[in-house]
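Below: one structure, written as structure tokens.
None of the figures in this text is laboratory data; all of them are computed from the coordinates on show. Computed from a predicted model, the values in this text were never measured in an experiment. Note that we place each Cβ from the backbone using ideal geometry, even for glycine, and neighbour counts take in every protein chain shown.
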Amino acid sequence: MKLKLRFSRSQLCLPYAVFLILFVIAPLLVIIYYAFTNGQGKFTFDNFTNFFANSNTIGTLLYSLLLSLTTTVICLIIAYPTAYILARSGFKKQYVLLMLFILPMWINFTLRITALKEVLTVLEGNISLHPFLNSVIGMTYDFLPFMILPLYTSFLKLDKNLLEAASDLGANKFIVFLRVTLPLSVPGIVSGITMVLLPSMTNYVVLDMLYNSTYIMGSLIGSYFSAYDWHNGSMISLVLLIIIFIVTLVTNRFSDKDSDSRRTVL
């Protein structure tokens, strides 16, 4: 006799709900608790005010934003034409070329950055490179595939009929790109920016391996927790989480507005 198992949607969501509570909500509540308490467990806003009153934390935040913005812009400048060429050029083995960009992600992160460090060491023998520039190169090398993939997917979804129709209506290549290709690729741009901007704000491993002694938000948080100052460390983590949430909200709204306006543009 065969037993028929039937599960409702709520039952199927139960494992995900348990995982969400244990590994997302519970740690977040712990961070909030430590962020708004002192060493005696009393409620306080001192940790919040100390964050904005401390020039070290504000300087670290600004440096992290500058580093992540620079990395994101360079990744976008490199990835956009690369993804466009790969998706629209008609190469018979375009997937092989795409794999050449994705393949480094399969290699151990430490090995990749160590190899890059050796290359930069050789360059520094002839050219004096600033630690900030070293960090940007390392971040760009690490996050470039995350910018290429969503852009490549967006270009693959482009309808060639729209491009041909724009050309038939008298638009030159620049106008076709500006009025058709660019608006349709905005979701890929937004997705790529989100995947590069947010992680690069906290990825301090690249800085440490490339001998950049400047703190970014990730290393600053780690230094507080290493010193067993969970309260200030949790507050910095919470502030960074709020910044990430705001950036994500803005990019999602921008993407939604663009999706609504693309039909009008076309």
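Here is how the numbers come out for the structure above:
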| item | result |
| --- | --- |
| Signed unit charges on C-beta, dipole axis of the chain, positive-most listed residue Y224, T71, Q40 | T71 |
| Cβ crowding within 10 Å averaged over residues, with 25-35, 141-151 ranked highest first | 141-151, 25-35 |
| Angle in degrees between helix 186-200 and the longest Cα principal axis of the chain, rounded to the nearest 10 | 30 degrees |
| Extended-chain gain in nm, criterion 0.36 nm per residue less alpha-carbon gap, D46 and T121 | 22.6 nm |
| Other-chain or far-sequence residues with amide H under 5 Å of T37's (modelled H) | T44 |
| Computed Rg/Rh of the stretch 30-265, alpha carbon atoms with Kirkwood Rh | 1.06 |
| Whole-Hz couplings from phi, Karplus 6.51/-1.76/1.60, listed for the stretch 154-169; x for Gly and Pro | 5, 5, 5, 7, 5, 7, 4, 5, 5, 5, 5, 5, 5, 5, 5, 7 |
| Per residue, the convex hull volume that the Cα atoms of the stretch 78-203 enclose (Å³) | 135 Å³ |
| The stretch 52-68 - phi-based ³J(HN,Hα) in whole Hz, Karplus 6.51/-1.76/1.60, Gly and Pro as x | 7, 8, 8, 5, 5, 5, 5, x, 5, 4, 5, 5, 5, 5, 5, 5, 5 |
| Extension gain from S226 to L103, taking 0.36 nm per residue of separation minus the Cα-Cα distance | 40.8 nm |
| Total lysine pairs under 30 Å (Cα atoms) in the chain, excluding pairs fewer than 8 apart on one chain | 11 |
| Structure-based [θ]222 nm, the chain - -39500 (n - 2.57) summed over DSSP H runs of at least 4, per residue, nearest 500 | -24000 deg cm²/dmol |
| Distance between the stretch 170-222 and the stretch 45-77 - C-alpha centres, whole angstrom | 16 Å |
| Dipole magnitude of the stretch 30-265 about its Cα centre (Cβ charges: Lys, Arg +1; Asp, Glu -1), debye to nearest 20 | 680 debye |
